[in-house]
Amino acid sequence: KLYLGMPRFPVKWYPAPEFEDILHVDNDPAGAHRYASKATLFSHGGTHLDSPKHFNYFDGKKTIDLVPAETLVNDTVWVHLPEKKELEAITAEDLKKATEGLTVKGKTLLITTGYTDTNWGKEDYFAVSPYLGVDAAEWIVEQGVPMVGSISRPISPVTVPSRCTMSC
């Protein structure tokens, strides 16, 4: 959900969303009671999809329009890890255990912890969420998972992610 005052990454250059009524009952030239609005959004606000270019992999040339449709639209395996605490890494072992007996190759892996459900809007929301550990990212690549979805910080707040997180 996008709305005025929604939480956003806590850096000065990250713009807040803006909404403007363009056409409404008071200014509709046809008197038809129509409504139209304009939304200005930062590409990383709310739910979004990062391309490899976001991390400057592949010389910054792999933009979202070059990601094959079959990567974006496919079967999904959902892994829910509610036991994960603030600033705790999601590990390869966590993913192995959660997907035991399932085929993940060629499928999207959706990883949730419940953190967003209980912490969205808190001042430290972006600073202390569980995150994907490097060993988990490497395991994901080894398994042939083409896309990962995450509902919280996808990478460690204290380490640089491995290149493997975007090599799929």
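Below, the figures for the structure above:
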{"read-out": "Residues that are assigned to a loop (DSSP other than H, G, I, E, B), surrounded by 10 or more Cβ atoms within 10 Å (Cβ to Cβ) and either of a type in the set (D, E, K, R) or within 34 Å of the chain's Cα centre (by Cα) (or both), drawn from the stretch 16-42", "value": "Ala16, Pro17, His24, Asp28, Arg34, Tyr35, Leu41, Phe42"}
{"read-out": "Subset of the stretch 113-149 [in contact with a strand residue (DSSP E or B) (Cβ under 8 Å, 6 or more places away or on another chain), of a type in the set (Val, Ile, Thr) and touching a residue at least 40 places away in the same chain (Cβ under 8 Å)]", "value": "Ile140, Val145, Val148"}
{"read-out": "Subset tally (residues that are out of contact with any Phe, Trp or Tyr (no Cβ under 7 Å at 6 or more places or on another chain), open to solvent by less than 70 Å² (accessible area, probe 1.4 Å), free of Cβ contacts under 8 Å to residues at least 60 places away in the same chain and part of a helix (DSSP H, G or I)) for the stretch 65-105", "value": "3"}
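The values are calculated or read from the model by the stated rules, or taken from the named source; none is laboratory data. Note that the structure is predicted; figures quoted are calculated from it, not measured. In this analysis, Cβ positions are derived from the backbone assuming ideal geometry, glycine residues included, and neighbour counts consider all displayed protein chains. What goes into the accessible areas is simple: the full protein's heavy atoms, side chains included, and nothing from ligands, DNA or RNA. Shrake-Rupley method; radii C 1.70, N 1.55, O 1.52, S 1.80 Å.
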